[in-house]
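Every number here is computed from the coordinates shown, using simple stated rules; none is lab data. Only a predicted model underlies this, so the values are computations on that prediction, with no experimental measurement involved. Here the Cβ positions follow ideal geometry from the backbone for every residue, glycine too, while neighbour counts run over all protein chains shown.
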Amino acid sequence: MDFAAARENMVDCQILPNRVTDQRLIGALSAIPREAFVPTEFKGVAYVDEAIPLSGGRYLMEPLITARLIQAAEPKTQDLALVVGCGTGYGAAVLSYLAGTVVAVESDGGLAKEANQILSGLGIDTVAVIEGHLENGYRKQAPYDVIFFDGAVADVPEAISSQLAEDGRLVAVISEDGVGKAMLMTRHHDQLSSREVFDAGTPPLPGFEPSESFVF
């Protein structure tokens, strides 16, 4: 399969027609081999605009949702970014082309090891993959200019939103009752504001499921 042609087709047919205009982001999507981040049996569909199964019930987020979320966060070259639930590291790799340093937290030890190997093999050395509980973020390196959730969540816990720097931007797909909305949260003077950016549906990250409630 000609992966370079598939990658170009993804950018031309999925990314560019759907309001992705950041040239650095388009350059990253054009350069990074998405097929390197998926299991062998799914390499042939690496550039389809669908979530791709990884191990342990996890998924690689759709390329268009990844692109639009990252664009909404407006990462700058000097920014410190946090990726929550990096999986095999594709979203972190894309973000590394736009931000200064990326800290990528992953709870699955096998995926974290795989992400490290893939990123190293591609010569991407500005991403630090950390194994840890996703819902804790990574406070040791906080505050972050950008926080990117690489999967859907029911809500954003205060433990993570509190790691956002002044004027920092947090992006996530918030899923409620089966409906997903891409949200942008911004911190100003210790206050968080949020706005909906676009409709989006993507598989959930573990540890962020809605709490069960009893119905009488």
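Can you tell which of Gly132, Gly151, Gly110 shows the greatest fluctuation in a Gaussian network model of the chain with Cα springs below 10 Å? With Cα springs under 10 Å in the chain, the top fluctuation among Gly132, Gly151, Gly110 is at Gly110. Listed from fewest to most Cβ neighbours within 10 Å, the set Ile174, Ile130 follows the order Ile130, Ile174.
Taking the DSSP bridge list for the chain and keeping only pairs wholly inside it, about 45 percent are antiparallel.
Subtracting the Cα-Cα distance from 0.36 nm times the residue separation, let me have the gained length for Thr21 to Asp199 in nm, one decimal. Don't skip to the answer; put the middle values down first.
Working: separation 178, 0.36 × 178 = 64.08 nm, distance 1.81 nm.
Full-extension gain reported as 62.3 nm.
At full extension, Glu41 and Ala154 could sit 37.7 nm farther apart than now, given 0.36 nm per residue minus the alpha carbon distance.
Here r is the Cβ-Cβ distance between Val48 and Glu74 and R0 is 22 Å; the resulting FRET efficiency, rounded to 0.05, is 0.20.
Think of it as helices only: each DSSP H run of n ≥ 4 in the chain is worth -39500 (n - 2.57), and spread over all residues that comes to -6500 deg cm²/dmol at 222 nm. According to the Kirkwood relation over distinct C-alpha pairs, the hydrodynamic radius of segment 44-161 is 14.2 Å. For segment 31-67, list residues with backbone N below 12 Å from a point placed 7 Å from the Cα of Ala5 toward its Cβ? Once the point is set 7 Å along Cα→Cβ of Ala5, nothing inside segment 31-67 turns out to lie under 12 Å by backbone N.
To the nearest 20 debye, what is the magnitude of the charge dipole of the chain about its Cα centre, counting +1 on the Cβ of each Lys and Arg and -1 on the Cβ of each Asp and Glu? Present the calculation step by step, with values, prior to reporting the outcome.
Numbers: 15 positive and 30 negative charges, 92 e Å.
In debye, rounded to 20, the chain gives about 440.
P(r) tail, segment 1-71: Cα-Cα pairs separated by more than 14 Å, 56% of all pairs.
Quote the FRET efficiency, to the nearest 0.05, computed for Thr101 versus Glu209 with a Förster distance R0 of 25 Å and r equal to the Cβ-Cβ distance. Don't jump to the answer; show the numbers that get you there.
Details: r = 30 Å, r/R0 = 1.20.
Step by step, r from the Cβ atoms, then E = 0.25.
Take the Cα pairs of the chain, get the Kirkwood Rh, then feed it into Stokes-Einstein at 4 °C and 1.567 mPa s and tell me D in µm²/s. Walk me through the numbers before you get to the answer.
Numbers: Rh = 17.1 Å.
Calculated translational D: 76 µm²/s.
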